[in-house]
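Encoded as structure tokens, the structure appears first; notes follow it.
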Amino acid sequence: MEIVSTMGSGSLGRELDLDVFVDALREAVEYDINPGYSDSGMITVRLEPEGVAYLFYRSGSFQIRGAENEAALEKAEGRLQEVFAEIGLEVPEYSFEQRTAVFMENLDQSIDLERLMIELGLEHTEYEPEQFPALIYKPPAFEVTLLIFSSGKIIIGGTMSKRTAQEAIDHLTESLG
């Protein structure tokens with residue numbers, strides 16, 4: 001099992017004027033910003049090509065998405081604090097924490113998703129192949145969500161714990177027989 005992404009969120013402890021923030025960023029760093037941010041009340045910034053995405057909201061809350069692991073998330077957060085210092089952004093009550101991780105497992109076998117949906121129970125699964133190619137499974141004993149593909153690849157979300165993710169996979173493989 002490998003971790004493929006992690007996400008954290010936090011607060012600046014103040015509201016954020018997005019227009020002023022964007023202008024300050026333009027002066028200090030090279031970055032990419034989503035168009036139309038004024039209408040949505042949030043902006044997405046990448047401080048480097050193909051880097052993590054920083055989402056900022058008018059409320060002052062923010063998220064860092066797309067870090068490959070916890071160390072990369074910590075590095076991205078450190079870079080963010082450097083940018084705040086560079087642009088002179090005051091953050092009176094800064095807070096940040098990792099919120100979730102996304103894991104991937106490959107069972108190296110094909111899976112009959114329709115049969116699996118019945119075995120796992122219709123009340124715990126969703127499968128609409130016309131809409132999405134994976135079976136969505138929320139095992140009742142775990143606070144995770146598994147996206148199970150017919151190829152045997154599984155995406156596990158909703159936890160930061162690799163142990164919990166592995167236990168959910170073990171539970172699933174017992175059902176596969």
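I need every pair where a residue in segment 93-105 that is at negative phi has its Cβ under 7 Å from the Cβ of a residue that is acidic (Asp, Glu) and open to solvent by less than 50 Å² (accessible area, probe 1.4 Å), sequence separation at least 6 or different chains.
Listed by first residue and then by second, the contacts come to PHE96/GLU77.
I'd like the full set of residues that are within 21 Å of ARG65 (Cβ to Cβ) and open to solvent by 40 Å² or more (accessible area, probe 1.4 Å), limited to segment 101-111.
Result: VAL102, MET104.
Answer yes if at least one residue in segment 148-167 is in a helix (DSSP H, G or I) and within 30 Å of ALA28 (Cβ to Cβ), and no otherwise.
Taking every residue of segment 148-167 in turn, none turns out to be in a helix (DSSP H, G or I) and within 30 Å of ALA28 (Cβ to Cβ).
If I filter segment 136-147 for residues that are open to solvent by 80 Å² or more (accessible area, probe 1.4 Å), closer than 30 Å to ASP23 by Cα and not β-branched (Val, Ile, Thr), do I get at least one hit?
Within segment 136-147, not a single residue is open to solvent by 80 Å² or more (accessible area, probe 1.4 Å), closer than 30 Å to ASP23 by Cα and not β-branched (Val, Ile, Thr).
Against the condition assigned to a strand (DSSP E or B) and either within 21 Å of ASP19 (Cβ to Cβ) or open to solvent by 40 Å² or more (accessible area, probe 1.4 Å) (or both), how does GLN98 come out, does it pass?
The answer is no for GLN98.
Suppose we keep only residues that are in contact (Cβ under 8 Å) with a residue 12 or more places away in the chain and in a loop (DSSP other than H, G, I, E, B) within segment 118-131. Which one would you say is surrounded by the most Cβ atoms within 10 Å (Cβ to Cβ)?
My answer is TYR127.
Filter segment 84-121 for residues that are hydrophobic (A, V, I, L, M, F, W, C) and farther than 17 Å from SER9 by Cβ and give the result.
Result: ALA85, ILE87, LEU89, PHE103, MET104, LEU107, ILE111, LEU113, LEU116, MET117, ILE118, LEU120.
How many residues does segment 145-174 contain that are touching a Phe, Trp or Tyr at 6+ places or on another chain (Cβ under 9 Å) and either on the phi > 0 side of the Ramachandran plot or in contact (Cβ under 8 Å) with a residue 24 or more places away in the chain (or both)?
Residues that pass the stated criteria total 16.
Name, by its number, the condition in (1) within 19 Å of ILE156 (Cα to Cα); (2) modelled with pLDDT of 95 or more that does not hold for PHE142.
(2)
Name the residue, out of ILE87, ILE64, that is surrounded by 13 or more Cβ atoms within 10 Å (Cβ to Cβ), under 17 Å from ARG26 (Cβ atoms) and either in contact with a Phe, Trp or Tyr (Cβ under 9 Å, 6 or more places away or on another chain) or in contact (Cβ under 8 Å) with a residue 12 or more places away in the chain (or both).
Within the list ILE87, ILE64, the selection yields ILE87.
Which of the residues spanning segment 27-79 are within 17 Å of LEU12 (Cβ to Cβ), of a type in the set (Gly, Ala, Ser) and at pLDDT below 85?
The answer is ALA28, GLY41.
Could you grab me the full set of residues in segment 151-164 that are hydroxyl-bearing (Ser, Thr, Tyr) and either open to solvent by less than 60 Å² (accessible area, probe 1.4 Å) or closer than 14 Å to GLY8 by Cα (or both)?
Across segment 151-164, the qualifying residues are THR159, SER161, THR164.
The values are calculated or read from the model by the stated rules, or taken from the named source; none is laboratory data. Please read all numbers here as calculations on a predicted model, not as lab measurements. With ideal geometry, Cβ positions are generated from the backbone for all residues, glycine too; neighbour counts draw on all protein chains shown. Note: accessible area is taken over every heavy atom of the protein model, side chains too, but ligands, DNA and RNA are not part of it. Shrake-Rupley method; radii C 1.70, N 1.55, O 1.52, S 1.80 Å.
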